[in-house]
Structures are given as structure tokens and as C-alpha cells.
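Let me begin by presenting the structure, written as C-alpha cells, before commenting on it.
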Amino acid sequence: MEFVDNREDIFPDLRVNIGSLEIANPVMTASGTFGYAREFENLMNLHRLGAVIVKGISLHPRPGNPPPRIVETACGMLNAIGLQNVGVDRFISEKMDYLAGLNIPVIVNILGDSLAEYREITERLVGVPGVAGIEVNISCPNVKKGGVAFGTDPSMAAAVTKAVKESADVPVMVKLSPNVSDITLVARAVEDGGADSISLINTLIGMAIDLKTRRPVLANVIGGLSGPAIKPVALRMVYQVASSVSIPVIGIGGIETTEDALEFLLAGASAIQIGTANFINPRVSEEIVEGISKYVVDEKLPSIRSIIGGLSINDG
Ligand SMILES: Cc1cc2nc3c(=O)[nH]c(=O)nc-3n(C[C@H](O)[C@H](O)[C@H](O)COP(=O)(O)O)c2cc1C
């Protein structure tokens with residue numbers, strides 16, 4: 001009998017589209033919480049992931065901030081890792097072979113101090129086998145503009161997007177900072193700059209103080225808050241952004257359970273990323289894929305896509 005690959009018949013159908021990139025299910029791992037994936041190979045089935053997003057990569061290696069760099073807070077954690085990473089060249093030569101062999105989409109998270117740096121990293125990633133997309137972290141200081149984060153200024157955010165988009169040969173996802181008063185302005189600016197999709201949120205700026213020493217707990221004084229504590233803020237921002245742009249939105253922030261993930265999809269996210277929860281349960285992403293699959297079956301949904309943006313606001 002002739003084999004017919006009738007993709008319509010996949011059941012349960014968990015596929016989602018992030019622009020031109022189709023992924024097998026909406027669950028991705030968030031940058032900085034999943035290393036370069038290999039660290040998790042004996043802890044979970046990596047092949048079950050919709051996509052993997054690796055630790056942020058800069059043009060040159062970065063040592064990161066001095067310790068203490070992490071502190072637990074109520075329902076979350078603060079980190080000030082300082083974007084420690086091996087740099088783009090070592091990333092390509094030492095990490096990409098393994099990642100490409102996983103046969104799941106690999107999205108490379110990039111960061112820079114200037115437009116030129118963002119452009120150069122992107123150029124080095126052109127043609128590298130296994131790279132399915134680029135996620136642009138714009139929560140980084142622009143050294144040429146006195147250290148103001150790219151992501152807090154709509155015109156700078158658009159300029160970074162444009163620079164990366166002009167150099168990239170794969171879809172570009174721009175990751176927004178929540179540390180702004182109106183996130184929809186930045187979202188629209190990056191959409192105008194040519195982004196293929198938008199992910200949000202990165203961490204919220206916070207701090208913790210040690211009462212005994214009267215010193216900040218983090219050596220860097222301030223750090224990024226993540227985990228369940230930020231979920232309601234993230235969900236609100238995803239809802240606002242998904243209502244303001246027409247490109248796909250990826251929800252991030254405090255997702256720990258299948259129910260959390262489904263809330264983000266209803267709010268308008270086409271996919272989600274799991275961050276801090278990986279530190280508590282390294283299998284959580286796989287468990288959420290299983291949970292979403294069960295939901296589609298139990299609810300008799302034609303596909304998971306059918307609930308994206310399905311939030312009812314008005315009665316009836
Ligand atoms: C230890 C740590 C390191 C992170 N490193 C990065 C990074 O390199 N690039 C980036 O865009 N986001 C980074 N993030 C932010 C996460 O990807 C995510 O946006 C944020 O933690 C919110 O999601 P969560 O509450 O599920 O953790 C990091 C977060 C943590 C906790």
C-alpha cells in the first residue's frame with residue numbers, strides 16, 4: 001500500500017506556526033534556563049520539545065557578574081548572571097553540532113552592546129546548519145546611548161530588529177523587556193522593524209536586601225525577577241501585545257503547569273516558553289507537552305491552534 005503522509009490526520013494535533021516556522025507543539029525552553037540543551041539530555045526527552053532556545057550569545061565571550069548572582073524570592077527568583085556565555089564563535093564550533101543533531105528547531109538567543117554587534121553576530125549565524133531562528137534579547141544596555149536598554153525605547157528596539165532582520169537568513173523573534181510603561185508601543189515598533197514574531201516577557205527588574213549585613217543580596221545590587229511571581233504581569237502583557245500586533249506572539253513568564261501554558265494561549269500566544277520552572281523540575285517542559293496533548297484529546301479539539309486567542313471578554 002502506498003504511504004500517504006496526510007498531515008491533516010495528525011492526532012492530537014499540537015502543531016503551531018510561528019510565522020514561517022512550523023513547530024510540532026507550542027512548548028519551548030526559555031533562554032538562560034536550559035543551558036545549551038545537552039545539560040538536560042539525561043533528565044528528559046529533548047525530542048519532545050517544540051523548540052529549544054539557548055542561552056544568550058554575544059559577539060565575544062562574557063564572564064558574567066561576580067557572585068552572589070541568584071537569590072530565591074517569594075514565588076520566584078532574582079538573577080544577575082550578567083549574560084555569561086561562550087561567545088558566538090565557540091557557540092558555533094562547540095555547541096551547534098550537538099544541537100543540530102537533536103532534530104528539533106533550535107532558536108539562538110542573541111544580545112549585543114550596539115547595533116553593529118547585533119548585526120555581526122547575526123551574520124556569523126548565517127548558513128550554520130541547525131539554526132532555525134534567532135531570538136533577539138533587547139533588554140541590554142546600548143553603550144552608545146549611555147546604557148539605556150534597547151528594549152525600553154521603541155525607536156532603538158525597531159533599529160535593532162531591522163539590523164538583525166537585514167542580516168538574518170532565518171525567522172527573527174524579538175524578545176521584549178517588561179520594564180516599560182506601555183509595552184504595546186515597543187511591540188508595534190519591532191513589528192514595523194520587520195520582526196517575524198515577538199516573545200515576552202524577559203525578567204522584571206528587582207532587588208533584595210540582607211538585613212544582617214544591610215547589603216544588597218546580589219553583588220550586582222539589582223537583578224531580574226522571574227518565576228510564578230511574574231505570571232499575572234506576563235499574561236497581561238501578552239494579552240495586550242497579542243491584541244496590538246498581527247505577528248505571532250510567544251508567551252513567557254512564570255509558566256509551571258499545563259494550565260499556566262493554556263492561559264497564555266487563550267490570551268493570544270501562539271506558543272510558550274518555560275524558564276525558571278526548569279530549575280525546580282527539569283522534566284517540566286515534557287510534562288507540559290503531555291498535559292497539552294491530553295487537553296486537546298479530552299476537550300475533543302481539532303487542534304491546539306483552535307484555542308489561541310480564544311479568550312472571551314464579553315458575556316455571551
Ligand atoms: C538564570 C536566568 C538566566 C537568563 N538568561 C537569559 C538570557 O541569556 N537571555 C534572555 O533573553 N533571557 C534570559 N532569561 C530570561 C528568561 O528567558 C525568561 O524570559 C524569564 O526568566 C521569565 O520566564 P520564567 O518566569 O518562566 O523564568 C534568564 C532567566 C534566568 C532565570
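Quick notes on this one:
- For LYS294, the requirement of being within 16 Å of the chain's Cα centre (by Cα), at pLDDT 95 or above and surrounded by fewer than 24 Cβ atoms within 10 Å (Cβ to Cβ) is not met.
- VAL186 open to solvent by less than 30 Å² (accessible area, probe 1.4 Å) and either assigned to a loop (DSSP other than H, G, I, E, B) or within 14 Å of the ligand (Cβ to nearest atom) (or both): no
- Among residues of the stretch 215-263, those that are small (Gly, Ala, Ser), under 20 Å from ILE23 (Cβ atoms) and more than 8 Å from the ligand (Cβ to nearest atom), counted: 4
- Inside the stretch 284-308, residues that are part of a loop (DSSP other than H, G, I, E, B), within 16 Å of VAL16 (Cα to Cα) and out of contact with any strand residue (DSSP E or B) (no Cβ under 9 Å at 6 or more places or on another chain) make up a count of 2.
- With respect to being within 26 Å of ASN25 (Cβ to Cβ) and either loosely packed, with under 14 Cβ neighbours inside 10 Å or without any contact (Cβ under 8 Å) to a residue 60 or more places away in the chain (or both), VAL54 fits the description.
- Residues being open to solvent by 40 Å² or more (accessible area, probe 1.4 Å) and in a strand (DSSP E or B) - total across the stretch 208-224: 5
- Top-ranked residue in the stretch 156-183 [being among the polar types (S, T, N, Q) and assigned to a loop (DSSP other than H, G, I, E, B); ranked as nearest to SER20 (Cα to Cα)]: SER177
- Among the residues making up the stretch 251-272, those that are touching a helix residue (DSSP H, G or I) at 6+ places or on another chain (Cβ under 6 Å) and not in a helix (DSSP H, G or I) are GLY251, GLY253, GLY254, ILE255, GLU256, ALA267, GLY268, ALA269, ILE272.
- The stretch 131-155, residues that are part of a helix (DSSP H, G or I), over 20 Å from LEU83 (Cα atoms) and either open to solvent by less than 10 Å² (accessible area, probe 1.4 Å) or not polar (S, T, N, Q) (or both): PRO154
- Considered as a group, the residues in the stretch 130-148 that are in contact with a Ser or Thr (Cβ under 8 Å, 6 or more places away or on another chain) and at pLDDT 90 or above include one that is nearest to LEU204 (Cα to Cα), and that residue is SER139.
The values are calculated or read from the model by the stated rules, or taken from the named source; none is laboratory data. On a predicted model such as this, the values are computed, not experimentally measured, just so you know. Because the Cβ atoms are built from the backbone with ideal geometry, glycine has one as well, and the counts that use them run over all protein chains shown. Ligands, DNA and RNA are stripped out before the accessible areas are found, and what is left, the full protein with its side chains, is counted by its heavy atoms. Shrake-Rupley method; radii C 1.70, N 1.55, O 1.52, S 1.80 Å.
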